[in-house]
1. Taking the Cβ of residue B:37 as the centre, find all other residues whose Cβ is under 15 Å away and add up their charges (Lys, Arg: +1; Asp, Glu: -1).
2. So what is the relative contact order of chain A, in percent, for Cα pairs below 8 Å that sit 6 or more residues apart?
3. Can you run phi through the Karplus equation (6.51, -1.76, 1.60; θ = phi - 60°) for the range A:2-18 and list ³J(HN,Hα) in whole Hz, with x for Gly and Pro?
4. Using alpha-carbon pairs under 8 Å, 6+ residues apart, how would you state the relative contact order of chain B in percent?
5. Give me the net charge of residue B:77's neighbourhood, meaning all other residues with Cβ under 14 Å from the Cβ of residue B:77; Lys, Arg count +1, Asp, Glu -1.
6. Pull up the cross-link candidates among the aspartates and glutamates for residue A:49, meaning alpha carbon to alpha carbon under 16 Å and not fewer than 8 places away within one chain.
7. Pick out, from A:260, A:217, A:233, the residue whose Cα sits farthest towards the positive end of the charge dipole of the range A:3-285, with +1 on the Cβ of Lys and Arg and -1 on the Cβ of Asp and Glu.
8. For the range A:145-156, in order, what is each residue's ³J(HN,Hα) by Karplus, 6.51 cos²θ - 1.76 cosθ + 1.60 with θ = phi - 60°, in whole Hz (x at glycine and Pro)?
Amino acid sequence: MNLMLNILLNVFIAFFIGSILIGLQRKIMARIQGRPGPPVIQHLLHTLKFFIKESAFPKTAAMPFYVAITAMLFVIWVAAVIDGPVTEGSLLLIFAIYTIQKIGEHNAGSSSGSPYGKMSCVRAVYSAAAEVPLFAVLIIIYLKAGTMNISSIINYQSIHGPLLFTIPLAAIMFFVLILSKSQYSPFAITKGKDIVSGYETEHFGLLRGYLMISESIAWYMLLWVFLTVFLGPLSLPAYLIGMVVLSAIVAFINAVTPILNPNHSVMMQVSFAFIGIAGSIVLLMI
Amino acid sequence: MNDATYLIYIISFVLGSIVGLVLSYRKYTAPYVTKNIDIIALAVSIIGWMLVINSHLITFIPVYLNITIGIFLVAMVLGMRPGYGRYETVIGFIIAAVVWIGTVLV
C-alpha cells in the first residue's frame, strides 16, 4: 500500500478508535456510579463540534506559542502513529514523543495565561518526574528481547511467547502509565476537575479540537504500544478487543477511585516505577 | 481484513450511532426509561447482529458489505439516547450468537 495512504488510514483509525474508547470509558464509569452517562460517541462528537465553533484567543495568551503548541501536540501523535502501526519503528521514538507530550502539556498550560492552565503546567512538570520513569520501564523489554525495534519485539514474541508472562512487572508498570493518562484517573493531576480542564481550559474552537484529536490518538497509541510490546503479534480484531478490555479496566479503576493529591499521585507513580524497574531486573537475574 | 475495511467498519459504527442518537431523541421525550422494549429497535438490532456475526450465511452479498451494514444497524440501537436500546442490543446479540453456535454445531 502507498505509504501516505497507509499513514492517513492509520491516523483516522487511531482518532476514531481513540475517541470511541474514551467515550466508552465515560459510559462505563457512569454506569458504575449509577448514572445514565453520555452516548459512547460523545467524545467524538465533542471533538468534531469544536471545529465548527468560534476560535477565541485570550488577551493573556502568549502568541504564537499558544497556537503552535496545539499543532505540535497533534503532529507528535501523528508521528507516533507513523512510528508505531505504520512502520513498526523504534520504541525509543515513542518514548521521546511521550516526553514531548509532557512538555506540550506544560507549555499549553503556561501559554494560555489562565491560572488554571498555569496550575496544570506546574503539575505537568511535576507528573513528568513520575510518568517518564514509568515509561522507562520499557528498558526492561530491551534487556529481555535485546532490541527496541517494535517489529523485532513482535518477532521475538512470536518465537518466545508474549512478554506479558516473562516480564509481568514491566507490563503492570506500563499499565499504570496508561491509567495515569486517562482523563478521570487518580493520577490525572494535570486535568483534574479541581483546575477546570487543566491546560485545555483556555483553548477554544479549532485549537481545542486539535488538542482533543491528539488526546484520542494518544490514548489509542498507548494502548497499541501496550498490546504490541507485551502481547505480541495480534490481528486487527484482537487489537480492538484488547483495547476495549483495557479501557474497561481503566474505567472501572477510575470510577471507584478519587483523584489523588498531586504529591501522593507522583510519589505513588514513582514507587510503582521503582518497583517495576528494580523488580523486573531482579526477576531477570534469577 | 485490511486497514481500509477496518476504517469503513468504524465509520459505519460512528454514523450508525449518530443516526440512532438523533432518531431516538426525536422518538422519545422521557429522559431515562429502562424497562420498555422498542419492537422496531429490537428488529433492527436482531438484523444487525445477524449480519455482523452470521455474515457467512448470506452469500449473495460480499462479507465486508454485510458486516458494514450490520455494524451500522447495531450502532443505531446501541447509540440510542441514554437509557434506551440496551435490552434490544443484548437480545439481538444473544439471538445472533445462538444462531452462530447452531451453525457451528451443525
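Every number here is computed from the coordinates shown, using simple stated rules; none is lab data. All figures in this text were calculated on a predicted structure; none of them were measured in a lab. In this analysis, Cβ positions are derived from the backbone assuming ideal geometry, glycine residues included, and neighbour counts consider all displayed protein chains.
1. Surrounding charge for residue B:37 is +1.
2. Relative contact order for chain A comes out at 29 percent.
3. Result, rounded to whole Hz: 4, 4, 4, 5, 4, 4, 4, 4, 5, 5, 5, 4, 4, 5, 5, 4, x.
4. The normalised contact order for chain B reaches 40 percent.
5. Working: positive: B:27, B:81, B:86; negative: B:38, B:88.
That sum, taken over residues with Cβ under 14 Å, equals +1.
6. Here the aspartates and glutamates satisfying the reach criterion relative to residue A:49 are A:200, A:215.
7. Sorting the options by dipole projection puts first A:260.
8. Taking θ as phi minus 60°, the curve returns 8, x, 8, 10, 7, 4, 5, 5, 5, 5, 4, 4 Hz for the range A:145-156.
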